[in-house]
Amino acid sequence: MEKESRTIVFASHNAHKTEEMRRICGERFRIVSLADLGCDTDIPENGLTLEENAEAKVRWVYERYGMECFADDTGLEVDALGGAPGVHTARFAGPECDTRANVDLERLRGVSDRRARFRTVIAHMDASGVLRLFHGTAEGSIAEARRGVAGFGYDPVFVPEGSVLSFAEMGADEKNAISHRGRATAGLITF
């Protein structure tokens, strides 16, 4: 008799992130999105850190649904921008969350130091309400121009250390093996 996968709610409305998490986790878990639960409420993200935002999302879901859940918050930190956009990555260009406007390379025109990193924090709350945090970082740099069509968000401009390809030029499995979200999720999976 085949063992049924453990069901865990992913506290996100982002279909791209949900698909990426399902791909990373494979058959280990049955990932249920907020849309799968019929939830269309925007979960407030008012924290000053990635940890605070990830924790707020899992607490919100757990309080309403009482299910094991996890959430991520991810920030792109660009050295030449003093670590920005950081915790404001999704809304860097304003509250509309316009990805094209967020990834405005004009801010870095003429800047030679293009070092950057993606950081992800995953908050996990088990069925009894115990909270755990998992971290993942991908060091790299910001490309001079958008490259590639895969991925989402800042993927076309982020080139991870040791690669000549942007995340958007990589296949999903190649990206997930070295990405910030892949590394944080590996910690969750190991746990």
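What the table shows:
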| quantity | calculated |
| --- | --- |
| For residue 32, distant residues with modelled amide H under 5 Å away | 8, 9, 10 |
| Alpha-carbon gyration tensor eigenvalues x 5, square-rooted, for the chain, Å | 29, 18, 14 |
| Kirkwood hydrodynamic radius over Cα pairs of the stretch 4-46, then Stokes diffusion coefficient at 37 °C and 0.692 mPa s, in µm²/s | 301 µm²/s |
| Compactness relative to 2.2 N^0.38 Å, alpha carbon Rg of the stretch 107-191 | 1.25 |
| Calculated FRET efficiency for the pair residue 67/residue 13, C-beta based, R₀ 25 Å, to 0.05 | 0.90 |
| Cα-projected label distance for residue 115 with residue 190, points at 7 Å along beta-carbon direction, nm | 2.5 nm |
| Rh (Kirkwood; distinct C-alpha pairs) - the stretch 18-68, Å | 12.3 Å |
| For the stretch 42-94, convex hull of alpha carbons as volume per residue, Å³ | 71 Å³ |
| Cα centroid separation, the stretch 138-160 to the stretch 1-70 (Å) | 25 Å |
| Range of Cα positions in the stretch 1-91 per principal axis (Å), largest first | 56, 26, 19 |
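Only the coordinates and a few stated rules stand behind these numbers; no lab work does. Only a predicted model underlies this, so the values are computations on that prediction, with no experimental measurement involved. Neighbour counts are summed over all protein chains in view; Cβ atoms, including those assigned to glycine, are modelled from backbone coordinates with ideal geometry.
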